[in-house]
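Q: Provided herewith is a single structure, encoded as structure tokens, for subsequent inquiry.
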Amino acid sequence: MCLRSSSYTSPKPCKHLADCKLRHAFDGYDSLQNCLKTTPIGRTRVDNHNTKIPRCNFCNGYLGRLYICLMCSSISCSTHILLHTQSKSGHDVAIDIERSELYCCLCCDQVYDPDFDKVVVSEQIKGSCPGRSNKRRRLDSGMELDLKKSKRLIAMRDGRAKSCYPLGLRGLNNLGNTCFMNSVLQALLHAPPLRNYFLSDHHNRDECKRRYGEKLCLLCEIGALVSAMFSGDRSPYSPAQFLYSWWQHSSNLASYEEQDAHEFFISVLDGIHEKESKVRNSSKDDGDCQCIAHRAFSGSLRSDVTCTICGFTSTTYDPCVDVSLNLDTVNLSAAEKTGLSTLSGCLNLFTRAERLGSDSKLHCQNCQELRDTSKQLSISRLPLVLCLHIKRFEHSLIRKTSRKIDQYLQFPFALDMTPYLSSSIVRSRFGNRIFAFECENSDSSAEYEIFAVIAHSGMLESGHYVTYLHVNHQWYKCDDAWICEVDEGIVRASQCYMLFYVQKLLYYKANKDLSCNASVESR
């Protein structure tokens with residue numbers, strides 16, 4: 001996607017929505033306005049006047065997601081919405097009946113359009129309770145992109161008021177195939193070191209603009225996001241300005257196509273590092289970097305390459321901000337049959353010695369010739385926040401195919417990383433005869449508590465990301481603009497893609513600090 005200007009503009013709709021508006025202008029929106037109804041809890045939905053219970057015109061089903069075509073008002077379920085689009089040319093855009101969100105049937109995702117937002121907000125203003133404020137907040141740039149009252153958090157199971165949600169829980173509007181971004185932002189902004197850094201104003205936006213004069217700064221936009229998330233406002237927030245700032249940093253990923261959540265995570269940390277290195281005028285490598293991204297997420301991996309003939313070992317250390325794990329389906333026949341893998345099995349597989357192939361012979365410094373070798377990875381230094389990336393997507397260059405692995409992964413909420421530390425691995429290799437280890441750091445805790453899970457559902461080409469957050473001993477599901485309580489069984493049953501753990505002492509301190517601060521003023 002070409003970025004022609006550095007000034008901020010509203011996100012463009014997907015090409016199918018743009019074509020629809022070009023052909024029919026606002027006809028679909030005008031006819032829809034008569035069907036919008038605001039529920040007592042403040043949520044706007046599409047009320048079909050033909051029937052009390054909307055049903056799919058293909059299967060007559062009424063459960064799950066239902067969509068109404070913007071052109072002909074035909075109702076289809078999520079299974080048959082594409083069939084409706086294929087059967088009628090130009091009927092590419094529909095509306096989620098329950099959420100009042102635009103949905104592109106060809107992109108298979110929600111799309112954002114400010115004109116549609118005005119229609120929804122207008123209806124909500126008319127249907128809101130007397131005396132309730134209907135002013136819409138603006139972003140610092142003055143852009144009216146925080147869709148005040150455009151969507152609401154769904155009612156909690158126990159009927160508690162929305163104000164009882166812990167501070168920081170706020171939905172993020174989908175701006176068009178941006179569930180990958182929303183899911184990662186929810187996890188990042190609830191990582192205690194990162195959250196505390198921006199809430200403490202360590203990166204001051206006003207000072208940043210005065211010193212550097214940049215119109216868009218990724219750190220400034222993250223700071224604005226944190227302020228908005230912890231402002232106490234419960235209405236969904238639109239991270240449009242952050243998205244545009246990220247596009248400027250990662251122009252190769254600037255498009256409305258679905259992106260990989262893990263790739264986005266790495267890109268954001270890289271952007272934070274790049275900006276802070278510029279501010280600090282630092283040229284240190286990642287291992288010694290003092291930027292907030294590496295102070296929170298950076299650890300170190302140890303790689304031991306051993307000659308199979310003489311036993312000489314060459315050791316290298318590499319910084320890392322996450323650990324990517326293969327699912328432990330190898331040599332586990334029972335697991336393969338039941339579809340069960342465990343996180344401990346994945347970590348064992350990651351730290352297991354691997355015999356390198358004959359085509360990967362390395363020069364042995366002791367033998368002074370090419371030898372067969374084995375390689376073993378271990379973790380020499382643990383980070384404050386541990387991110388574990390589960391490799392669910394396989395890409396074969398030879399077969400030119402890609403697929404998603406739907407293997408279920410069993411993961412603990414409390415994790416002890418001691419068995420996977422370099423000290424443990426090396427001791428085990430030598431029969432536990434090494435009693436002192438030079439790389440051991442007694443100040444670093446190996447016990448972690450989980451605080452976020454990013455899950456991926458659906459197919460490789462048309463999947464969806466959601467985030468589960470553990471706040472104040474309760475799990476919450478963050479599905480774009482929608483937040484709801486869930487049982488831990490739902491979290492355990494999800495197809496986890498990224499797991500976020502924080503050191504146990506920091507986890508309990510962060511929860512205590514958060515509960516003591518019931519409100520945080522937004523900048």
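The values are calculated or read from the model by the stated rules, or taken from the named source; none is laboratory data. Quick caveat, the model's predicted, so the values are computed rather than measured. All Cβ positions, even for glycine, are placed from backbone atoms using ideal geometry, and neighbour counts span all protein chains on display. Note: areas computed on protein heavy atoms with side chains; ligands, DNA, RNA excluded. Shrake-Rupley method; radii C 1.70, N 1.55, O 1.52, S 1.80 Å.
Q: Residue by residue, what Karplus-based ³J(HN,Hα) values in Hz, rounded to whole numbers, does the range 88-105 have, using 6.51, -1.76 and 1.60 with θ = phi - 60° and x for Gly and Pro?
A: Going residue by residue, I get 10, 5, x, 8, 8, 10, 10, 10, 5, 4, 6, 9, 6, 10, 5, 9, 8, 5 Hz, with x marking Gly and Pro.
Q: For the range 178-270, what is the accessible area per residue in Å², given a 1.4 Å probe and the full set of protein chains?
A: The answer is 31 Å² per residue.
Q: Now a separate question. Relative contact order of the range 178-270: what whole-number percent is it, with Cα pairs under 8 angstrom and at least 6 residues apart?
A: Over the range 178-270, the number comes to 36 percent.
Q: Okay, moving on. Of all accessible surface on the range 178-270 at a 1.4 Å probe, what whole percent is carbon and sulfur?
A: About 42 percent, which is the carbon plus sulfur part of the accessible surface.
Q: Taking the Cβ of Ile425 as the center, what net charge do the other residues with Cβ under 11 Å away carry, scoring Lys and Arg +1 and Asp and Glu -1?
A: Neighbourhood net charge equals +3.
Q: How do Met459, Met181 stack up against each other in accessible area, from largest to smallest, with a 1.4 angstrom probe?
A: From most accessible down to least: Met459, Met181.
Q: With θ taken as phi - 60° and the coefficients 6.51, -1.76 and 1.60, list the Karplus ³J(HN,Hα) couplings across the range 375-380 in order, rounded to whole Hz; mark glycine and proline as x.
A: Result, rounded to whole Hz: 10, 9, 9, 7, 9, 8.
Q: Classify the range 178-270: rounded, prolate or oblate, from the alpha-carbon gyration tensor (a ≥ b ≥ c, eigenvalue square roots; a/c under 1.5 rounded; otherwise prolate if a/b is larger than b/c)?
A: oblate
Q: Something else about it: Could you pull out every residue, at least 5 positions away or on a different chain, whose amide H is within less than 5 Å of the one on Ser380? Hs are placed 1.01 Å off N in the peptide plane, and Pro or chain starts have none.
A: Ser300, Leu301, Arg302, Ser422
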